[in-house]
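Structure first, commentary second.
The values are calculated or read from the model by the stated rules, or taken from the named source; none is laboratory data. Quick caveat: nothing in here was measured; it's all calculated off a predicted structure. Backbone-built Cβ (ideal geometry, glycine too); neighbour counts: all protein chains shown. Only protein heavy atoms, including side chains, enter the accessible area calculation; ligands, DNA and RNA are left aside. Shrake-Rupley method; radii C 1.70, N 1.55, O 1.52, S 1.80 Å.
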Amino acid sequence: LFWWFVLIGGVSAISYAGRLTGGKPPKNALYEYSTAVSELILFAIILAFVFLIARGLPKRETFALRRPDSWGRAIGLAFAVFIVIVISNAALNPLLHGGREQGLTPSGWEPSHAAAYGLNLFAFSIVGPIAEELTFRGLGFYLLQRYGQTAAIVVIGITFGLWHGLIEALPVLIIFGIGLAYLRSRTNSIYPGMILHATFNGAALILAVTT
């Protein structure tokens with residue numbers, strides 16, 4: 001657990017330092033191959049540390065790599081969590097403008113950059129959610145649940161929010177992290193959260209260039 005906090009704290013510190021010193025990424029960063037490549041490398045490094053920390057632990061149990069007790073119930077809970085996240089974002093975004101803080105939303109669709117956008121979509125809506133779910137709702141939740149499910153859900157939510165290095169978007173990210181941790185707790189599986197996380201990220205990036 002100590003080394004998990006070291007990893008999360010280190011990434012969070014780097015994220016905030018980069019935000020405060022470098023500002024937002026370019027407006028059309030999702031049209032650059034370098035954006036996707038850097039994210040894929042970062043996720044690979046993070047997962048390497050996660051698996052190193054989890055060395056010797058039972059992988060299936062540690063990462064909740066099992067089917068939920070009921071897919072029907074899991075889908076219902078995932079939909080409920082999704083609605084809460086959407087409502088929270090709709091309520092807080094006009095006040096905090098967290099949606100534009102990350103600076104990744106393209107100014108419009110550019111067909112000439114479709115391939116680079118596709119690679120970024122893969123990085124941010126597939127690889128990213130898998131890596132983050134294994135890190136937080138997998139290893140992190142497993143290590144924290146000894147202190148109670150509620151404590152694990154809240155701590156995972158807060159650390160997930162800080163992990164992104166954002167300020168205005170922090171409340172929404174914490175709610176998102178708590179919702180995914182709650183889903184992990186109630187379904188006893190990491191897969192529903194992975195699917196919801198990937199769906200949310202993918203939908204946000206697609207809507208950004210189609211609306």
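Go through the stretch 43-65 and give me each residue that's part of a helix (DSSP H, G or I), open to solvent by 50 Å² or more (accessible area, probe 1.4 Å) and not acidic (Asp, Glu).
ALA44, ILE45, ALA48, PHE49, PHE51, LEU52, LYS59, ARG60 - these are the residues of the stretch 43-65 that are part of a helix (DSSP H, G or I), open to solvent by 50 Å² or more (accessible area, probe 1.4 Å) and not acidic (Asp, Glu).
Would you be able to say whether some residue in the stretch 130-146 is open to solvent by less than 60 Å² (accessible area, probe 1.4 Å) and of a type in the set (Asp, Glu)?
Of the residues in the stretch 130-146, the ones open to solvent by less than 60 Å² (accessible area, probe 1.4 Å) are 131-145.
Now restrict to residues that are of a type in the set (Asp, Glu): 132-133.
Looking through the stretch 130-146, at least one residue is open to solvent by less than 60 Å² (accessible area, probe 1.4 Å) and of a type in the set (Asp, Glu).
Take the stretch 1-25 and flag every residue that is in a loop (DSSP other than H, G, I, E, B) and open to solvent by 90 Å² or more (accessible area, probe 1.4 Å).
Restricting attention to the stretch 1-25, the residues satisfying the condition of being in a loop (DSSP other than H, G, I, E, B) are 1, 23-25.
If the condition is that a residue be in a loop (DSSP other than H, G, I, E, B) and open to solvent by 90 Å² or more (accessible area, probe 1.4 Å), then LYS24 is the only one that fits.
Spot the failing condition for PRO68; the list is (1) in contact (Cβ under 8 Å) with a residue 12 or more places away in the chain; (2) not in a loop (DSSP other than H, G, I, E, B), and only one is missed.
Result: PRO68 fails condition (2) only.
Quick one: count up the residues across the stretch 107-129 that are open to solvent by less than 10 Å² (accessible area, probe 1.4 Å) and modelled with pLDDT under 80.
Residues meeting the conditions: 0.
Only one of ILE167, ILE178, ILE158 is buried (at least 20 other Cβ atoms within 10 Å of the Cβ) and touching a residue at least 12 places away in the same chain (Cβ under 8 Å). Can you tell me which? Steps first, please.
Details: ILE167 fails: buried (at least 20 other Cβ atoms within 10 Å of the Cβ); ILE158 fails: buried (at least 20 other Cβ atoms within 10 Å of the Cβ).
From the options ILE167, ILE178, ILE158, the qualifying one is ILE178.
Criterion first (without any contact (Cβ under 8 Å) to a residue 60 or more places away in the chain, open to solvent by 40 Å² or more (accessible area, probe 1.4 Å), under 21 Å from TRP109 (Cα atoms) and assigned to a helix (DSSP H, G or I)) does SER34 satisfy it? Full working, then the answer.
Details: without any contact (Cβ under 8 Å) to a residue 60 or more places away in the chain: yes; open to solvent by 40 Å² or more (accessible area, probe 1.4 Å): yes; under 21 Å from TRP109 (Cα atoms): yes; assigned to a helix (DSSP H, G or I): yes.
Considered against the rule, which asks whether it is without any contact (Cβ under 8 Å) to a residue 60 or more places away in the chain, open to solvent by 40 Å² or more (accessible area, probe 1.4 Å), under 21 Å from TRP109 (Cα atoms) and assigned to a helix (DSSP H, G or I), SER34 comes out as yes.
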